[in-house]
Structures are given as structure tokens and as C-alpha cells.
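Computed from the coordinates by the stated procedures, all read-outs in this text should not be read as laboratory data. Remember, it's a predicted structure, so these values are computed and weren't measured experimentally. When we count neighbours, we look across all protein chains shown, and the Cβ atoms used for this are built from the backbone with ideal geometry, even at glycine.
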Ligand code: AMP
Ligand code: MG
């Protein structure tokens, strides 16, 4: 089957395309179209055969019922037995919008659409293309997410095409969706009404309108023994090709933990993806790093979630590490989807970060123009089991200067270019909990200790690696003295790397 793809502009809808798509639906065909949540795979909801085609195209288990989409509130009466007063109130407040309600179905709704249930799920979407198409297609359009079952829901027409090209009649391309996670599902057949799937309409928003609303226990605890009340929620839904792991903790700790595991996995030769946010993306150094959106505006996170998971599938990464997001507002829906995609594999950041003692190593010499930068450059070239930021500082630096020319020459002989180096004065900015300070001389160490008595991790390099003699200053001496000093330094740095690696194993 050749799939027709037509672009439609939301603010200037091409009526001919909508007519054509509407006719396909009336004739029992399948048309994918944008809604504000995700792209839906539309079919005539009152036609059992059309429902069958939907399940076949998606490869969806047939006990997973479809949501019927309507374009006006009055359409509800024909497909449900009765509309409780609370449902009216909710519709007044949230329809059209990203909310689905479940009612007892009337006889006109075939069991093929409801997966054999006596209830029917109904939503009135807000997207203008969706509404025009529902009306043109006869008013009752079942529309599950327009993806192959088991892949992330589509949030752009390209995602639909990637999954369903050749299997459906038409794709109406209305660009990227607004919300990006599926609708909230609220069961109106129980009292009080119960949320079966979290979405952009939150429990707090519903509580305000109708008083108490409960939440399906299986959504809150993964230890729940009850199966989820929405049949579709029992499926893992979307399992990325990679192993997805969520890392939870306060923001700084989470970033450290993800960096730590990502470094380790990349070192072992794995391809690693990282789901970062606007606020943290600059801190990651290894792996394929993607920005999911802003923590300040979690709507952006919801919008990008499925797209990013698809991209990682395409890039064939082995592991994906994702920051966790607060389970509030739309964050509840984000964490629900992310949690399902991860098979609820969640790690506590603190348990990981405590396995790395130092994250930053600062070498200190008198003027930061020879020994300290040399040590830093040498350490950066060592195979280290954990990641460190390595820098150098000087005890007396009045203004920035380049490297000492002889030091530069020696480094060059050993294929290390330090041309861009600028000397920097030692200051307390570098002293964090996870900083290791290694001075060239005892006097430098003692000065730092006396100025920052609360800071523990300061040693001389010689002392730390168990050497016999401090690295001497060779300032003003012949090039051979620099070469000797380089050899000594290199031996110490190799020992340092060994010691750090030894510590990393514990
Ligand atoms: P999707 O169409 O991909 O958004 O999935 C529809 C979701 O709605 C699935 O999780 C279904 O299990 C759920 N659903 C649809 N109809 C019902 C119903 N009558 N009772 C409970 N859950 C339903
Ligand atoms: Mg779906």
C-alpha cells in the first residue's frame, strides 16, 4: 500500500486534504493525524473491521482498547450509556484537551474498538487539524498512538512515517505536537473517579473541579500486585533498544553520578547516551549528550521525550542514562513514561557518587609556569579508571603568563603541546569536597593547610605517591636539568595514576 503524505498548516487548514482524509476514514481506511498529545492513528470507531486494521498496522495486542475521539461534546450521548454530572463538569473545564474519560459504552460501539470491554474511552482533542478531521470522518474516530507497538509514541509526522509507511492509507503532517505525552485517562465508571494514566491534566487540576480523584495504585508503586486498570498500561509499552537507566538525586549529585557511570562505560567501549537538561547539559563530557528541555519549564521536557528516545534507538547506543525529573504537574506523566521505558530501573545518585573520592585534581607550584602545568598535562594523558578535571595553580601569580620556554621545549620533545597555557593564582575556588591538591613542595602544602585548615586533601606529590624526593624547581638552569625533572615528574605521575586507579576499584 502506498501511504499518501500531505502537509497541513494548523492556522490555515487545507479543506481538500481534510475531505480526502475524511473520506478514507468513512471508507474504513487508516489516517494518521496530529493531536496536541501525540500523533493518532485514526479509523472509524464504529466500524469493527476498521478497528481490526488498526491493531494489525500497529501490531497492537487486541486486548488493548482504543480511545474514541470526538469533535463536539454532544457526540458523547450516542456512544455512552450515561454522562455523570462530574463528567460534564470535567468536560466543561478540560475539553477540548489532553484528557480521556471512560464511560459505560452504548451498543453502537463495537467490542473490536473497546478490546472486548463494556466501557469506552473518549477524548475530545484540541488540535484544530484533529477536530476538522474527526468531523470530516464521521464524528467518531478511534486513534491510538500512530506508532508500531513497542516503539516510542510519535510526536512528529516523520516518526509515523518511519513506523507505518506502507501500512496505512494516509498521514496528515501538521508538524510537531504541542504536549508530547499521551492524554490523562480518568475512569468515570468508578466513584470517586480514578486516574488510570497520568498526562498533562494532573490530579491537582481534577481535584479542584470535582473534589476527590484517586490514582490507580499500580501507577504509584511498582510493587503493586494489582494489574493496571487500563489494559494498555500493563505493557512495558516502549522498550528502547538500549538499556535505559534513570538516575535520581539532587541535581548536582545526579550529574556527577551520570558522568561517573558514563565515563566508566565509554572506557569499557560501550556507546552511551545521556538525557540531560538545559540546566545541566554543559557539565557532561563523554557520551552522546542530548538536551531534553528545561527543568524550569517541564512542558519542554514532555515535548522532547519520545523524540530523543527515538534518536537514541537510531544511533544504536548500548546504554542511556537519564536524569530524573520531579514528579509534579506534567512531571508525573514524564516520570511514568520514562519509568516504563526504563523497566523501572532507577539508581540513586548518592550510591554511585560515593564510589569516587576525588573528581578534581589541582597541581600547585610556585608560579604555575613549569612544574604544575607539566604535571597536569602528564596526568591528562594517563589511562584513568575514573574521570577527573585536572588543572594547575601557582602560589604567587600576579598576572597571567605563558609557560616557561624551557618547560615548553621539553614538553614539545615529548609530543605534548602546552602553548595555550596561562598561569593562574591558587584560590579557594578550586577547593571542593572532592578536590585533591598536590603541591610540588612542602612549603606550598603548609601554606595551603594553614590558610584553609578545614580542607583536608592537600599533600605534596612526592608524599602522595610515596616518592623519596620532592620535584625540584629548575628555574634558570640548563635544559638538561629540565629534562631530568621531566623524567622524575613522569615517574611520579605514573604512580599517581596507579594509585588513583587502585582507589577507584574500591
Ligand atoms: P493509546 O491509544 O496508545 O493512547 O492507548 C490507549 C490507552 O487507553 C491504553 O492504555 C488503553 O488500555 C486505555 N484504554 C482505552 N480504553 C479503555 C477502557 N475502556 N478502559 C480502560 N482503559 C482504556
Ligand atoms: Mg500508544
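Give the Kirkwood hydrodynamic radius (Å, one decimal) of the stretch 1-149, defined as one over the mean of 1/r across all pairs of different Cα atoms. Intermediate results must be reported in sequence, preceding the final value.
Values: mean 1/r = 0.0657 Å⁻¹.
Kirkwood hydrodynamic radius for the stretch 1-149: 15.2 Å.
For each of 83, 213, count neighbouring Cβ atoms within 10 Å of the residue's Cβ, then give the residues from fewest to most.
By the 10 Å Cβ count, ascending, the order reads 83, 213.
Could you give the angle, 0 to 90 degrees to the nearest 10, between helix 48-58's Cα long axis and the longest principal axis of the Cα atoms of the chain?
It works out to around 10 degrees.
If you rank 46, 186, 206 by fewest surrounding Cβ atoms within 10 Å, what's the result?
Arranged by neighbour count, lowest to highest, 46, 186, 206 become 46, 206, 186.
With contacts defined as alpha carbon pairs under 8 Å and 6 or more residues apart, what's the relative contact order of the stretch 200-277 in percent?
11
How far, in degrees from 0 to 90, does helix 371-380 lean away from the longest principal axis of the Cα atoms of the chain, to the nearest 10?
40
Taking 8 Å as the Cα distance limit and 6 or more residues as the minimum spacing, I'd like the relative contact order of the chain as a percentage.
The value is 12 percent.
Would you calculate a helix-derived [θ] at 222 nm for the chain, using -39,500 (n - 2.57) for each DSSP H run of n ≥ 4 and dividing by the full residue count, to the nearest 500?
-10500 deg cm²/dmol, from helical runs alone.
Beyond 29 Å, what share of the Cα-Cα pairs of the chain is found? Please give it as a whole percent.
Considering the chain, 59 percent of its Cα-Cα pairs are separated by more than 29 Å.
Going highest first, how would you order 133-143, 109-119, 394-404, 90-100 by mean Cβ packing within 10 Å?
Per-residue mean Cβ counts within 10 Å order the peptides as 133-143, 90-100, 109-119, 394-404.
Counting only C-alpha contacts under 8 Å and six or more residues apart, can you give the relative contact order of the stretch 124-254 as a whole percent?
17
Taking other Cβ within 10 Å of each residue's Cβ, how do 88, 60 sort, fewest first?
88, 60
With both bridge residues required to lie in the stretch 33-158, what share of the DSSP beta bridges run antiparallel, to the nearest 5%? Can you show the working numbers first?
Values: 12 of 15 bridges.
Of all bridge pairs located within the stretch 33-158, approximately 80 percent are antiparallel.
Using only Cα atoms, tell me the angle between helix 251-267 and the longest principal axis of the chain; keep it within 0 to 90° and round to the nearest 10.
It is inclined by approximately 80 degrees.
When the convex hull of the C-alpha atoms of the stretch 149-303 is computed, what volume per residue in Å³ does it have?
Given the Cα convex hull of the stretch 149-303, per-residue volume reads 177 Å³.
In whole Å, how far is the Cα centre of the stretch 343-377 from that of the stretch 183-223?
Cα centres, the stretch 343-377 to the stretch 183-223: 45 Å.
Based on alpha-carbon centroids, what's the gap between the stretch 14-53 and the stretch 273-292 in Å, whole number please?
38
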